[in-house]
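Participant: First the structure, then my questions, so here it is.
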Amino acid sequence: MSRQYTILIDNEEIAVEIKKDGEDFVVQLGEQSHRYQALLAKSPIYSFLIDDAQVLEAEISFKQDQCDMNIGHVPYHLEIFDPRKRLLSQSEQSGASSGGTITAPMPGKVVEVKVSKGATVQKGTPVVVVEAMKMQNELLSAIDGKVEEVFVKAGDTVESGQKLVLITKG
Amino acid sequence: MKNKIKKILIANRGEIAVRVIRACRELEIKTVAVYSDADRAALHVRRADEAYHIGPSTPSESYLNVSKIIEVAKKSGADAIHPGYGFLSENAGFAEEIHKAGLIFIGPDPKLIRAMGSKIEARKIAQKAGVPIVPGIERPLVDVKEAEKVAKEMGYPILLKAAAGGGGKGMRAVHQEKDLKSAFEMAQSEALKSFKDGAIYIEKLIEGPHHIEVQIFGDEQGHVMHFFERECSIQRRHQKVIEESPSPFITADTRKKICDMAVKLCKSVNYYNAGTIECLVDKNQNYYFLEMNTRLQVEHPVTEMVTGVDLVKLQILVAGGKALPFKQEEIRQTGHAIECRVYAEDPFHNFMPSPGLVVDQQYPHGPGVRLDNGIYQGFQIPLEYDPVLSKLICWGRDRTEAIERTKRALTEYRVSGPKTNLYFHRKALEVDDFVKGHYDTHFVEKHLENILKIDREEKTKSLMAAALAKFLEEGKQPPVGVSASGGSPLQEHSVWKTSGRREGLRK
């Protein structure tokens, strides 16, 4: 019995296969293969025993295909999905990401919007200043382009991932 | 002689409020916590004997609300107020209002806060006392135009600093003229927000410096003594991250000179209660007085670990009018202590703040380990305040043991939910320059890339774990849609049974 997954991390796609072997799992990633036992699996806390020797403590939580994980103090954000499902989502995604949407990297408060609709910006131009935990963070444009839309104003409270400004290439 | 303090209001939150409560408990003093909306269920509230709501989450409407805090102090029957660090701890007006209300402020006289707390005044006092200072102008800048003019005369790089500042807030280093305007505006806006004072001053930036500070203590009888130095050169954006005592860098001769200088400076103004003299020391062991903090420091525990003195208890004792119970020669640095500040931030994404729910927490324990913690499992970390979650302080017989111990404790320590800088700490302590004690304030920028490098093997195993967790997760739900090899994922594995069995065996 086996199961295939595709992991999307930092724009890289990685194929993983899980094979059940008795009470253990054989996990294959590229050339590498390891035997995993689940010592503790109480979402989001997991403890795995790898190759009957190494203990791996992990915090892993899922929101559909989105996965946030913390292993050995390293935070990872990735997507895990059935490779066949991806064929569907791919067509939806194409064309959407040609511009530069500036999103809030963390929950916070908009201190200043430095551009207005129609403004020309360069890569590295400060666009929005967001404050969280008493530190101000300048968010920069990732591309050369034009401000298509400004979604927020100074004083707004924003959630992590919320769209702030849309910039299109030009 | 003042009456003995029986009840203390702590005008702060987080780990420092918890720390002050600890000292009060040992002295059998009742504690009064204050809290904002966001801190309704905070640890400092839960640890206190009494707690009072003081307003909305925005600091200016709660933890910076002087009249409200004093009103609560009176209502609760507290006879003294401990300001902690940050917030109102260096606000002379607050201390004055406390005195006017007939209460004790646990800290120095408001006049001393005003004089020594203002970097500009403090520089004048230092000059008068014959203490070396860093070149700069001794009044706040009028506007950005003046900043440009002075910076040009002084020569880049320069440093912009909030006159009322501390902890890197309202502080910006500027290396070229074109960056000055935006840096000035950001420093001013941060200063206004954090300290309600937008005064900015400018000084020459000394490159390659060590940030070394001396813990001093005075009493109202006129005694001043020091508790040696702390090396605080591991900083990021002028925010200290790792501190240690003793400094691995300064010589015994420099140590003596700096500590004597700190005592001399404080004696010249009849300073009392806890204070810290911050210095820059260059690679040739030349030292310059930088500023004074007229309050308890975040990193005070490293001093407590090497001297064996509870500085918070000492603050309370001195505030009650007692004389310092030690002589200078009774205070020694024994062994070595290192503190790691644990922040809710993501080191892998430009240290973005990471507030949120604490899902799980595992504390470090064992020999020589101290954790000054401000959160608990289930607590929602607010986005309105400092990202300091806790401080891990480890003591060893020597520096090597202190490093080994800190690394060990870090592997035990886990915080799930918010992202933390624990990985940064673990790897920073392995950097050769740190191990050898060869570092200055540029350590973080110099080594950051290396520190944050993730081992390929580790990453592979982590990704495998993610896929397996997904597999197990899917198995918990009733089969939906397609399943890989035709069989129901529910039947494909029995890990739930087996892991239950294993847990049973362990008990």
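Participant: From the list B:476, B:470, B:461, B:436, pick out the single residue that is exposed (fewer than 14 other Cβ atoms within 10 Å of the Cβ) and not assigned by TED's automatic domain parsing to the domain that holds residue B:367. Talk me through it step by step, then tell me what you get.
Facilitator: Numbers: B:470 fails: exposed (fewer than 14 other Cβ atoms within 10 Å of the Cβ); B:461 fails: exposed (fewer than 14 other Cβ atoms within 10 Å of the Cβ); B:436 fails: not assigned by TED's automatic domain parsing to the domain that holds residue B:367.
Within the list B:476, B:470, B:461, B:436, the selection yields B:476.
Participant: What about residue A:152, is it at pLDDT 85 or above, under 20 Å from residue B:353 (Cβ atoms), β-branched (Val, Ile, Thr) and in a loop (DSSP other than H, G, I, E, B)?
Facilitator: yes
Participant: I've got another one for you. Just to be sure, is residue A:117 modelled with pLDDT of 80 or more, exposed (fewer than 12 other Cβ atoms within 10 Å of the Cβ), more than 9 Å from chain B (Cβ to nearest Cβ) and out of contact with any strand residue (DSSP E or B) (no Cβ under 9 Å at 6 or more places or on another chain)?
Facilitator: When the stated conditions are applied, residue A:117 does not pass them.
Participant: Being more than 14 Å from chain A (Cβ to nearest Cβ), surrounded by fewer than 23 Cβ atoms within 10 Å (Cβ to Cβ), under 21 Å from residue B:15 (Cβ atoms) and not acidic (Asp, Glu) is true for just one of B:376, B:423. Which residue is that?
Facilitator: The match here is B:376.
Participant: Suppose we filter B:283, B:313, B:267, B:322 for residues that are in contact with a helix residue (DSSP H, G or I) (Cβ under 7 Å, 6 or more places away or on another chain) and touching a residue at least 40 places away in the same chain (Cβ under 8 Å); which single one remains?
Facilitator: Unique residue meeting the criteria: B:313.
Participant: Is it the case that residue B:151 is in a helix (DSSP H, G or I) and under 21 Å from residue B:237 (Cα atoms)?
Facilitator: So residue B:151 passes the test.
Results for (1) part of a helix (DSSP H, G or I); (2) in contact with a strand residue (DSSP E or B) (Cβ under 7 Å, 6 or more places away or on another chain); (3) small (Gly, Ala, Ser); (4) surrounded by fewer than 22 Cβ atoms within 10 Å (Cβ to Cβ), shown as yes or no for each residue.
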position: B:383; (1), (2), (3), (4): no, yes, no, no
position: B:386; (1), (2), (3), (4): no, no, no, no
position: B:395; (1), (2), (3), (4): no, yes, no, no
position: B:403; (1), (2), (3), (4): yes, yes, no, yes
position: B:408; (1), (2), (3), (4): yes, no, no, yes
position: B:419; (1), (2), (3), (4): no, yes, no, no
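Participant: From the list B:164, B:115, pick out the single residue that is surrounded by 15 or more Cβ atoms within 10 Å (Cβ to Cβ) and in a helix (DSSP H, G or I). Write out each step before concluding.
Facilitator: Working: B:164 fails: in a helix (DSSP H, G or I).
The conditions single out B:115.
Participant: Out of A:39, A:56, A:49, A:78, which single residue is in contact with a helix residue (DSSP H, G or I) (Cβ under 8 Å, 6 or more places away or on another chain) and surrounded by fewer than 19 Cβ atoms within 10 Å (Cβ to Cβ)?
Facilitator: A:39
Participant: If you take the residues in region A:125-158 that are closer than 25 Å to residue B:191 by Cα and acidic (Asp, Glu), which one is farthest from the other protein chains (Cβ to nearest Cβ)?
Facilitator: Restricting to residues being closer than 25 Å to residue B:191 by Cα and acidic (Asp, Glu), the top hit is A:156.
Participant: Residues that are at pLDDT 90 or above and not in a strand (DSSP E or B): does region A:92-100 have at least one?
Facilitator: no
Participant: On to the next question. So, of the residues in region B:34-51 that are hydrophobic (A, V, I, L, M, F, W, C) and in a strand (DSSP E or B), which turns out to be farthest from residue B:71 (Cα to Cα)?
Facilitator: Only one residue fits best here, namely B:51.
The values are calculated or read from the model by the stated rules, or taken from the named source; none is laboratory data. Not measured: the values here are computed from a predicted model. Here Cβ is always computed from backbone atoms with ideal geometry, including for glycine, and neighbour counts include all displayed protein chains.
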